[in-house]
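Here is the structure we will look at, set down as structure tokens.
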């Protein structure tokens with residue numbers, strides 16, 4: 001089903017379709033972990049759209065506390081694409097009103113290649129420093145960066161080099177013990193795509209495209225997103 005929040009003509013067409021499908025049975029709301037936030041549930045969100053009250057849904061917190069887990073859609077006896085509706089509500093929120101730091105992180109990732117803006121030089125210095133520390137425990141260990149032909153290309157959650165760098169060393173130990181060929185990249189290594197979470201499809205596509213470009217240029221066999 002097409003996303004909601006379109007032209008008035010398209011909206012009327014979709015509203016009729018939803019009115020024919022939605023039974024207001026409440027099965028979706030019964031399985032939703034955030035039912036009741038702002039007095040809403042998934043069933044009421046559908047009603048807001050049907051009644052032309054799109055902006056009320058867009059301005060509410062409900063689409064943002066929704067985890068997009070899909071339990072509502074899985075439970076719906078009519079198979080309505082509820083996730084498309086809720087994510088569309090996120091997409092239509094003004095970017096400067098996106099909750100928290102999510103949109104700022106998207107902008108930072110587009111600018112620097114990671115959500116928190118870690119400079120390339122600092123990132124590489126950290127990897128080298130952690131690699132040297134781990135080499136005291138694992139002889140010959142070093143963190144491979146931009147290694148062409150590696151079997152696995154790993155992206156990284158920026159919270160780790162930013163605040164929890166030791167967490168990376170756990171999976172490095174596993175790769176060392178398994179004698180696997182792997183690498184990460186010096187640029188565009190962010191593994192958490194906040195464009196997905198904020199409904200910013202253009203940013204999401206750009207961020208994914210950069211990762212895929214690294215994967216292809218390095219001729220790796222597998223792409224791993226530890227997040």
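Numbers at a glance
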quantity	calculated
Burial ordering of 61, 93, fewest other beta-carbon atoms within 10 Å first	61, 93
Residue-averaged [θ]222 nm for the chain, counting only DSSP H segments that reach four residues, each worth -39500 (n - 2.57)	-15000 deg cm²/dmol
Gain in span if fully extended, residue 213 to residue 24, counting 0.36 nm per residue against the direct Cα distance	63.5 nm
Acute angle (nearest 10 degrees) that the helix 201-217 long axis makes with the longest principal axis of the chain, alpha-carbon atoms	30 degrees
At R0 = 25 Å, FRET efficiency that the Cβ-Cβ distance of residue 173 and residue 111 yields, to 0.05	0.15
Sequence of 69, 22 once ranked by neighbouring C-beta atoms within 10 Å, starting from the fewest	69, 22
Separation in nanometres of the label points that stand 7 Å from Cα toward Cβ, at residue 67 and residue 152	2.6 nm
Inter-centroid distance (Cα atoms) of segment 142-158 relative to segment 31-67, Å	41 Å
Length-normalised contact order for the chain - Cα pairs under 8 Å, 6+ apart - percent	19 percent
Cβ-derived FRET efficiency at R0 30 Å, residue 51 paired with residue 162, nearest 0.05	0.10
Residue order, fewest to most beta carbons within 10 Å, for 207, 80	80, 207
Over segment 112-224, relative contact order from alpha-carbon pairs under 8 Å, at least 6 apart, %	36 percent
Global size of the chain as Cα Rg and Dmax, reported in angstrom	21.8, 67
With Cα atoms, 0 to 90° folded angle of helix 8-21 axis to the chain main axis	80 degrees
Degrees, to the nearest 10: 120-135 long Cα axis against longest axis of the chain	60 degrees
Whole-angstrom Cα spans of segment 46-173 along principal axes, big to small	65, 34, 26
Among 29, 84, 135: highest mean-square fluctuation, GNM of the chain, C-alpha pairs under 10 Å	135
Ratio Rg/Rh, restricted to segment 102-227 and using Cα atoms, in which Rh is the Kirkwood radius	0.97
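Values quoted throughout were computed directly from the atomic coordinates according to the rules given, and no laboratory measurement underlies them. Here the structure is a predicted model, which is why all the values come from computation and not from measurement. Backbone-built Cβ (ideal geometry, glycine too); neighbour counts: all protein chains shown.
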